[in-house]
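Beneath this line is the structure, given in structure tokens, with notes to follow.
The values are calculated or read from the model by the stated rules, or taken from the named source; none is laboratory data. Every value quoted in this text rests on a predicted model; they were computed, and no experiment measured them. Every residue, glycine as well, gets a Cβ built from its backbone with ideal geometry; the counts of neighbours run over all protein chains shown. For accessibility, only protein heavy atoms count, side chains too; no ligands or nucleic acids. Shrake-Rupley method; radii C 1.70, N 1.55, O 1.52, S 1.80 Å.
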Amino acid sequence: GINKNFIQEKPFIRGIRALKKHKRTIEKFGAEKVLAFATAAIRGASNGKDFIKAAKQRTGIDVQIISGEREAELIYYGVRSAVKMNDTPSLIMDIGGGSTEFIIANKKEILWKQSFLLGVARLMDKFKPSDPITKEEIKQIENYLEQELQPLFPAFDSSFIKEAGGCQELIGSAGSFDSLAEMIAHMLYDISIMKGITEYDFNLDDCEKIYNVILRSTTKERMHMKGLSKMRVDMIVVSAIFVDFIVLRLGLKKMRLSKYSLKEGVLWELMHS
């Protein structure tokens, strides 16, 4: 129901059940303060406030709905805590289920940010790709991204960003980039390279190899791919198309993974407030 801007009954119940499970963990560890944030799927739903109310009644947890702009800001704090950023700008991309955030920033500050209603769950629901996806469907998704991301392109090419040193690299945060890195480690190297790190330098040739494997694969085949969690088996196809589109469209020369994102950004802000 994400593109109808409505939380259907089953996911509504599943969400409350998940919060109840977290509540048990919170009580087990005796946490004194609870912070809960709702992002695109709830802020855009006509019954999002009903979910917030039900969460409070059934779990005692106050869920705070945050804007896309605020989400982007917190993502930046998280990424900056994980990745060694420079004086020159980087493009941060955080692919969620309901939205995708783009942030152009350096180690000191955010230069530009915007949240787009282009989360993978939303794109999957809109395009309902075949299994395996067809070339025509890939083109349809790319054309849609070109149309919907119009604010990003002039910002990326603006004189303001060029004067700051220009943007040559993509920093990807959140689950889709984690999955890509872990699949690369399993298929081409060894999973040990992912242990104990907060950032990872992608080799773009490795990304191209994995991208082609993903696009040719069926759901059944992806179920057995190492490094790919079951919850991302469907979504990784659209995520891979999205990442490849951004790298090629903007002519990016480098890509890194940040193991930190929104949650860690919240923690960073708490520690520094």
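Taking every residue in the range 66-81 that is polar (S, T, N, Q) and pairing it with any residue that is open to solvent by 10 Å² or more (accessible area, probe 1.4 Å) and part of a helix (DSSP H, G or I), at least 6 positions away or on another chain, the pairs with Cβ-Cβ distances below 8 Å are Ser67/Arg43; Ser81/Glu264; Ser81/Trp268.
A quick yes/no check of all residues on (1) farther than 15 Å from Ile92 by Cβ; (2) of a type outside the set (D, E, K, R):
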{"residue": "Met183", "(1), (2)": "yes, yes"}
{"residue": "Gly196", "(1), (2)": "yes, yes"}
{"residue": "Tyr211", "(1), (2)": "yes, yes"}
{"residue": "Glu221", "(1), (2)": "yes, no"}
{"residue": "Ser229", "(1), (2)": "yes, yes"}
{"residue": "Val237", "(1), (2)": "yes, yes"}
{"residue": "Lys254", "(1), (2)": "no, no"}
{"residue": "Ser258", "(1), (2)": "no, yes"}
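Taken together, the criteria exclude Asp87 from residues that are surrounded by fewer than 22 Cβ atoms within 10 Å (Cβ to Cβ), on the phi < 0 side of the Ramachandran plot and not in a loop (DSSP other than H, G, I, E, B). Filtered by the rule that a residue be closer than 21 Å to Glu142 by Cα, in contact with a strand residue (DSSP E or B) (Cβ under 8 Å, 6 or more places away or on another chain) and hydrophobic (A, V, I, L, M, F, W, C), the range 104-126 gives Phe116, Leu118, Val120. For the range 1-40, taking the residues that are over 22 Å from the mean Cα position of the chain (by Cα) and not in a helix (DSSP H, G or I), the one that is nearest to Lys263 (Cα to Cα) is identified as Val34. Taking the criterion of being of a type in the set (Lys, Arg) and either in contact with a helix residue (DSSP H, G or I) (Cβ under 6 Å, 6 or more places away or on another chain) or assigned to a loop (DSSP other than H, G, I, E, B) (or both), the residues of the range 191-250 that qualify are Lys195, Lys226, Arg232.
Elements of the type helices (runs of 4 or more DSSP H) sitting completely within the range 90-181 and holding at least 3 residues that are open to solvent by less than 50 Å² (accessible area, probe 1.4 Å) and in contact (Cβ under 8 Å) with a residue 24 or more places away in the chain: these cover 120-127, 135-148, 152-156. Within the range 204-230, being without any contact (Cβ under 8 Å) to a residue 12 or more places away in the chain and farther than 21 Å from Leu145 by Cβ holds for Asp205, Lys220, Glu221, Met223, His224, Lys230.
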